[in-house]
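Presented below is the structure to which this report refers.
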């Protein structure tokens, strides 16, 4: 197998490219990951991506690295996880190193401030697109819709910590699954 065809090379190369343009963090990566791994290479499904995002939102650590590790492991085992993780970590490391060396000279330069203003606007748009795409796939059924609306309202209008809401969502999901399972079993017995 040629290096260019290797899943490990695809993981490294794709996450390297994604990390170069993903200023703003892991959530910005979602549409880029979808384009690369769901649409272009077809290495994971939309459902895998949704599971990856949901899992990484509830895990400690850097979202970008967690997502790369998760997808890398799913696609190429431990070596895939290492290749994807190295690919996603290398560009920011190089950029931060270069910026640290020249930062003093860039401080207060109007053009640099404008560049960052433009980048921030683009990042906000990418996060919004990610949220809308995920919403279309997640808001299937009344339970998911009620959970999403309730969680949103709690996050916006109360001081409840997001971690508590995530944990409560998981517990309510388990309870809902148990109730649905019992209903299905009861219906099967009646049939």
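For the range 59-79, filtered to residues that are over 11 Å from the mean Cα position of the chain (by Cα) and within 25 Å of residue 173 (Cα to Cα), the residue that is surrounded by the most Cβ atoms within 10 Å (Cβ to Cβ) is 74.
Within the range 127-141, is even one residue modelled with pLDDT of 90 or more, part of a helix (DSSP H, G or I) and in contact with a helix residue (DSSP H, G or I) (Cβ under 8 Å, 6 or more places away or on another chain)? No, because not a single residue in the range 127-141 is modelled with pLDDT of 90 or more, part of a helix (DSSP H, G or I) and in contact with a helix residue (DSSP H, G or I) (Cβ under 8 Å, 6 or more places away or on another chain).
Is there a residue in the range 132-152 that is within 25 Å of residue 17 (Cα to Cα) and touching a residue at least 60 places away in the same chain (Cβ under 8 Å)? Within the range 132-152, one or more residues are within 25 Å of residue 17 (Cα to Cα) and touching a residue at least 60 places away in the same chain (Cβ under 8 Å). For the range 94-111, a tally of residues being assigned to a loop (DSSP other than H, G, I, E, B) and surrounded by 10 or more Cβ atoms within 10 Å (Cβ to Cβ) returns 1. Applying the condition of being touching a helix residue (DSSP H, G or I) at 6+ places or on another chain (Cβ under 6 Å) and part of a helix (DSSP H, G or I) to the range 151-174 and asking which residue is farthest from residue 59 (Cα to Cα) yields 154. Would you say residue 9 is over 30 Å from residue 168 (Cβ atoms), in contact (Cβ under 8 Å) with a residue 24 or more places away in the chain and exposed (fewer than 15 other Cβ atoms within 10 Å of the Cβ)? No, not satisfied.
Which one is modelled with the lowest pLDDT among residues in the range 53-72 that are outside any helix (DSSP H, G or I) and farther than 16 Å from residue 86 by Cβ?
Within the range 53-72, the subset outside any helix (DSSP H, G or I) is 58-62.
Then drop every residue that is not farther than 16 Å from residue 86 by Cβ, which leaves 58-60.
Details: 58: 77, 59: 81, 60: 82.
Only one residue fits best here, namely 58.
Here is a yes/no grid of residues against (1) within 19 Å of the chain's Cα centre (by Cα); (2) exposed (fewer than 10 other Cβ atoms within 10 Å of the Cβ):
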{"residue": "113", "(1), (2)": "no, no"}
{"residue": "120", "(1), (2)": "yes, no"}
{"residue": "124", "(1), (2)": "yes, no"}
{"residue": "166", "(1), (2)": "yes, no"}
{"residue": "177", "(1), (2)": "no, no"}
{"residue": "188", "(1), (2)": "no, yes"}
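Hey, does the range 130-148 have a residue that's in the same structural domain as residue 34 (by TED's automatic domain parsing), more than 18 Å from the chain's Cα centre (by Cα) and closer than 30 Å to residue 99 by Cα? Within the range 130-148, not a single residue is in the same structural domain as residue 34 (by TED's automatic domain parsing), more than 18 Å from the chain's Cα centre (by Cα) and closer than 30 Å to residue 99 by Cα.
Candidates are the residues of the range 32-52 that are without any contact (Cβ under 8 Å) to a residue 12 or more places away in the chain and assigned to a loop (DSSP other than H, G, I, E, B); the one that is surrounded by the most Cβ atoms within 10 Å (Cβ to Cβ) is 45.
The values are calculated or read from the model by the stated rules, or taken from the named source; none is laboratory data. No experiment lies behind these values; they were computed from the predicted model shown. Counting neighbours? That spans all protein chains shown, and the Cβs are built from the backbone with ideal geometry, glycine included.
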